[in-house]
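Comments concern the structure below.
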Amino acid sequence: MPGYARFLLVLLCLILLGECRRHKSRRKRWSAPAETHKPGNPLSKKASDGTKSRKVKTSHLLRIDEHDFTMRPAFAGPAVPVGVDVQVESLDSISEVDMDFTMTLYLRHYWKDERLAFPSSTNKSMTFDGRLVKKIWVPDVFFVHSKRSFIHDTTTENIMLRVFPDGHVLYSLRVTVTAACNMDFSRFPLDSQTCTLELESYAYTDEDLMLYWKNGDESLSTDDRISLSQFLIQKFHTSSRLAFYSSTGWYNRLYINFTLRRHIFFFLLQTYFPATLMVMLSWVSFWIDRRAVPARVSLGITTVLTMSTIITGVNASMPRVSYIKAVDIYLWVSFVFVFLSVLEYAAVNYLTTVRDGKDRKLREKARQQSQTLSCSCGMSHARTMMMDGTYSEADANSLAGYTRGSIAADDSSEKQERMVVHLSLDKEPTGTKKKGIRGFRIIQNTHAIDTSSRMIFPGAYILFNLVYWCVYC
């Protein structure tokens, strides 16, 4: 029994010894030094690169903790040149009511900061995201006259920082900005607008920071697919000048200028064609009988109200400017033409009423004379009215019922009736008769106003359109 226990103890010791040796060999395999290459091996010629080492932190490689990055590069020295280039991604909207525009762009800055130089023989640059931007100095460029702006942050902040071994830095960010644009609507909608996006350093004057376009006019690039619904983008160009503030001094300011020309076809369909059709519709009343009062009045009122609606709709989508726009001239002249057609019928109706009153008085006077003469001559009222020449159309129609035989039966006494009537009328003074003929010549021909309007109104409106489109186009 003791021999059996001794055998088990020896076996347990051997098992433990084997496990210990296996564990030691595994530790040697994982902690063994890197394999040394022979001199003939090409891998031995590759020089070490600090930027590729995992053990070197960015703050140590760029020596961020050794410098004060709250101060600009070359502090107390010459101005730091900061080159700028812009790539316009999209022109999102143009608002006439708010007089602004919204643009999305890539804004890139180029400068040199020797404090960020690092040793590297193979890697040309290092690229970082927005987290490093908060630890180093970057230009404080802002958009002048901007209303709203933001840096895109989906899925992370759209900021890129690229540092080169010699200290050159590229700082790029994607921004959407809404800026004011002073628009002139005196030729609207036949206008062209020029808007400007301005960039400037907020804190550093031209003695500390010099902003400039990195490649001149080629510093601004645009996407060929940029388009707007109401405008045609004619051109983009850059410029720069100094801006002065009385409290702080002179600053370098960069300008992105772009010119927009408005598409006219939308306004032709929505404004000009409806207004022209309303004016032409108002001319229809000149061919309607002047005694059809409901038809002509309703047509005139309808066209006037429609023109008022068109004018209100156009002004609702425009800013309240204190000067006259080109579309206002066209719409208000069209409104005046429609309104004048209503006034024309008012004049025709008034003159027709006056003429009917005069005819009524003449008929009453002729009736009295016929009653006086009928006692001595036996002359009928209808015959007196026909020879006197003052009967109206209704009286003439009333005579249409006489037969040819009845008129022939009275031919025997025609000479006697005619002589009596002339004797009765010749008693009136000659001057009074001539004056009455001259005074009521227009009244007796009231329909001539409608006849003249059929030519005058279209001719005047065509002339206005020729002058208008020649001036504004």
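The values are calculated or read from the model by the stated rules, or taken from the named source; none is laboratory data. Please read all numbers here as calculations on a predicted model, not as lab measurements. Positions of Cβ are backbone-derived with ideal geometry, glycine not excepted, and every protein chain shown enters the neighbour counts. Areas reflect the complete protein model, heavy atoms only, side chains present, ligands, DNA and RNA absent. Shrake-Rupley method; radii C 1.70, N 1.55, O 1.52, S 1.80 Å.
Do you know which of the residues in the stretch 56-111 that are at pLDDT below 90 and of a type in the set (Ser, Thr, Tyr) is surrounded by the fewest Cβ atoms within 10 Å (Cβ to Cβ)? If we take residues in the stretch 56-111 being at pLDDT below 90 and of a type in the set (Ser, Thr, Tyr), then 70 is surrounded by the fewest Cβ atoms within 10 Å (Cβ to Cβ). Just one of the listed residues (363, 355) is among the charged types (D, E, K, R), without any contact (Cβ under 8 Å) to a residue 40 or more places away in the chain and assigned to a helix (DSSP H, G or I), and it is 363. Tell me whether the stretch 105-113 contains one or more residues that are under 40 Å from the mean Cα position of the chain (by Cα), within 30 Å of residue 245 (Cα to Cα) and among the charged types (D, E, K, R). The answer is yes; a qualifying residue exists. Determine, yes or no, whether residue 116 is farther than 12 Å from residue 172 by Cβ and over 20 Å from the mean Cα position of the chain (by Cα). Yes, satisfied.
Pairs under 9 Å by beta carbon, first residue part of a helix (DSSP H, G or I) in the stretch 320-346, partner open to solvent by 80 Å² or more (accessible area, probe 1.4 Å), six or more apart or different chains? So the pair list comes out as 326/187; 326/471; 332/324; 342/301.
Assess whether residue 196 counts as being at pLDDT 95 or above and either among the β-branched types (Val, Ile, Thr) or touching a Phe, Trp or Tyr at 6+ places or on another chain (Cβ under 9 Å) (or both). In short, yes.
Consider residue 153 carefully, then state whether it is within 23 Å of the chain's Cα centre (by Cα), open to solvent by 10 Å² or more (accessible area, probe 1.4 Å) and not polar (S, T, N, Q).
Against the criterion (within 23 Å of the chain's Cα centre (by Cα), open to solvent by 10 Å² or more (accessible area, probe 1.4 Å) and not polar (S, T, N, Q)), residue 153 does not qualify.
Residues in the stretch 280-317 that are in contact (Cβ under 8 Å) with a residue 12 or more places away in the chain, open to solvent by 80 Å² or more (accessible area, probe 1.4 Å) and outside any helix (DSSP H, G or I): 291 only. Could you tell me whether residue 199 is closer than 20 Å to residue 140 by Cα and in a strand (DSSP E or B)? Here the answer is yes, as residue 199 does meet what is asked.
Please enumerate the residues belonging to the stretch 199-248 that are among the hydroxyl-bearing types (Ser, Thr, Tyr), open to solvent by less than 70 Å² (accessible area, probe 1.4 Å) and over 22 Å from residue 71 (Cα atoms).
219, 221, 222, 238, 239, listed by residue number.
Taken over the stretch 114-130, the criterion of being touching a strand residue (DSSP E or B) at 6+ places or on another chain (Cβ under 9 Å), part of a loop (DSSP other than H, G, I, E, B) and open to solvent by 40 Å² or more (accessible area, probe 1.4 Å) is satisfied by 129 alone. Picking from 228, 260, 254, which residue would you name as being outside any strand (DSSP E or B) and touching a residue at least 60 places away in the same chain (Cβ under 8 Å)? After ruling out the rest, the residue left standing is 228.
Can you find, within the stretch 87-127, the residue that is nearest to residue 148 (Cα to Cα) among those that are of a type outside the set (Gly, Ala, Ser) and touching a helix residue (DSSP H, G or I) at 6+ places or on another chain (Cβ under 7 Å)?
Only one residue tops the list, namely 126.
Residues that are open to solvent by less than 80 Å² (accessible area, probe 1.4 Å) and farther than 25 Å from residue 103 by Cβ within the stretch 249-279 comprise 249, 268, 271, 272, 274, 275, 276, 278, 279, listed in sequence order.
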